[in-house]
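Enquirer: A single structure is presented below for examination.
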Amino acid sequence: MTSIEDLTQLAPPPAGPAPSDWRAVEATLGMTLPHDYKLLADTYGPGAFCDFVRVYHPHGATEWVDLTGPMPARLRRQLLKDRESSTYSMPHPPEDLFAVGVTDNGNHLFWVTDPAADPDAWRLAVNEADGHDWYTHDGNLTEFLVAVLSGRTRVPVFPERLLDGGVFFTPSPSADRNHRPDRPSAPTSIDSRAVREWARAHGYDVPDHGRVPAEIVRAWQQDR
């Protein structure tokens, strides 16, 4: 069985991320979390592996990568909607899926929360950005990351050249930073098409035409 030590040998963590108050986090979510996830989150903090896989974190820099934010519930509602409309077939009941990460291609990582009373036995499932294809890893999140980042396992919905740039972890900016520029910056043009594609990849419903909500534009800018 792999461990956090195996992962840190592949992708060294940043120095001194702040640990989370897991009792409060679990009370907010209403469920007990896997031990490996809590150790992973305390070891690395919020950020991305290979600038591609972003694991949700209680201190996520934006709501799009916040474990206690709206994304897990929003994605589950979408999966339930897809099942009701028979849009896509799914290997697991949506009720058993809890989002725990996202990739820059719009894939989502889910805990398969069965059995509910034994979170350390939860497996990992990954869906294709458009929902058609799924991959299930018979192991926990840390084991999944070690298998993928070591090259032992290739996830069909991930890029073939994911590891070409090396294996590394990039911390996210702090979620509670209060930086203000010394002077107002000049307005920049927004590629609304890129914003809409990003928002949909992150589980947000946006119209095909018209104004993109300001909060989505801000989240998109922070994630660039």
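Enquirer: In the full protein assembly as shown, how much of Phe168 is accessible to a 1.4 Å probe, in Å² to the nearest 10?
Expert: Estimated to the nearest 10 Å², Phe168 gives 70 Å².
Enquirer: Determine ³J(HN,Hα), in whole Hz, for all residues of the range 151-167 in sequence, where each value follows from phi through the Karplus function 6.51 cos²θ - 1.76 cosθ + 1.60 and θ = phi - 60°; x replaces Gly and Pro.
Expert: Once θ is set to phi - 60°, the couplings for the range 151-167 become x, 6, 10, 10, 8, x, 8, 9, x, 5, 9, 4, 9, 4, x, x, 10 Hz.
Enquirer: Highest mean first, what order results for 20-26, 60-66 on Cβ atoms within 10 Å? Don't skip to the end; give the middle numbers.
Expert: On the way: 20-26: 14.3, 60-66: 20.4.
Final packing ranking: 60-66, 20-26.
The values are calculated or read from the model by the stated rules, or taken from the named source; none is laboratory data. Since this is a predicted model, take the numbers as computed values, not measurements. Every residue, glycine as well, gets a Cβ built from its backbone with ideal geometry; the counts of neighbours run over all protein chains shown. Side chains are part of the model used for accessible areas, which takes the heavy atoms of the whole protein and leaves out ligands, DNA and RNA. Shrake-Rupley method; radii C 1.70, N 1.55, O 1.52, S 1.80 Å.
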